[in-house]
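The block underneath contains the structure these notes are about, expressed in structure tokens.
The values are calculated or read from the model by the stated rules, or taken from the named source; none is laboratory data. From a predicted model like this one, the values you see are computed outputs, not experimental measurements. Don't worry about glycine lacking a Cβ; one is built from the backbone with ideal geometry, like all the others, and counts go over all protein chains shown.
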Amino acid sequence: MQDIIFVVTGIFILIGSGFAVIAAIGLVRLPDLYTRTHAASKAGTLGSGMMLLALAVFSQELDVVTRAIAAIIFFLLTTPISSHLLARSAYIVGYRPEPSTRCEAMNDFLSDEQRQPSTLE
């Protein structure tokens, strides 16, 4: 039984670290703030969640499992909200997205003088 726990823990750690590496590569390689925020929030949340799940499986103590599950729920609730607010505030202050990024739906949140965002580079 102990060998199965080690294998499952190792698989979760490998999957989690793979998502963390994907998030790090996305932060370096993607062209603008909006796509970088997306990479960091999605892949980073999955990576940290899988590693916390590995901790819960490996530990098998109720208090550690409870804390790990609480941390996973915290990540799932806060990361999408914070990345959305960061991207929305960047759009409102005028950070121009990459030309291939389409975000016409955000124009409803802007006033008339903010409709044409300037380039902040």
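Structure above, values below:
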item: Residue satisfying all of: in the stretch 92-102; surrounded by 12 or more Cβ atoms within 10 Å (Cβ to Cβ) and farther than 17 Å from L30 by Cα; farthest from the chain's Cα centre (by Cα) among these; result: G94
item: Residues of the stretch 20-56 classified as under 30 Å from I92 (Cα atoms), among the hydrophobic types (A, V, I, L, M, F, W, C) and buried (at least 17 other Cβ atoms within 10 Å of the Cβ), total; result: 7
item: Test: D63 is modelled with pLDDT under 95, surrounded by fewer than 11 Cβ atoms within 10 Å (Cβ to Cβ), in a helix (DSSP H, G or I) and not hydroxyl-bearing (S, T, Y); result: no
item: Long-range neighbours under 8 Å by Cβ, at least six apart or interchain, first residue free of Cβ contacts under 8 Å to residues at least 40 places away in the same chain within the stretch 5-17, second hydroxyl-bearing (S, T, Y); result: G16/S48
item: The listed residue being of a type in the set (V, I, T), modelled with pLDDT of 90 or more, in contact with a helix residue (DSSP H, G or I) (Cβ under 7 Å, 6 or more places away or on another chain) and in a helix (DSSP H, G or I), out of I72, I11; result: I72
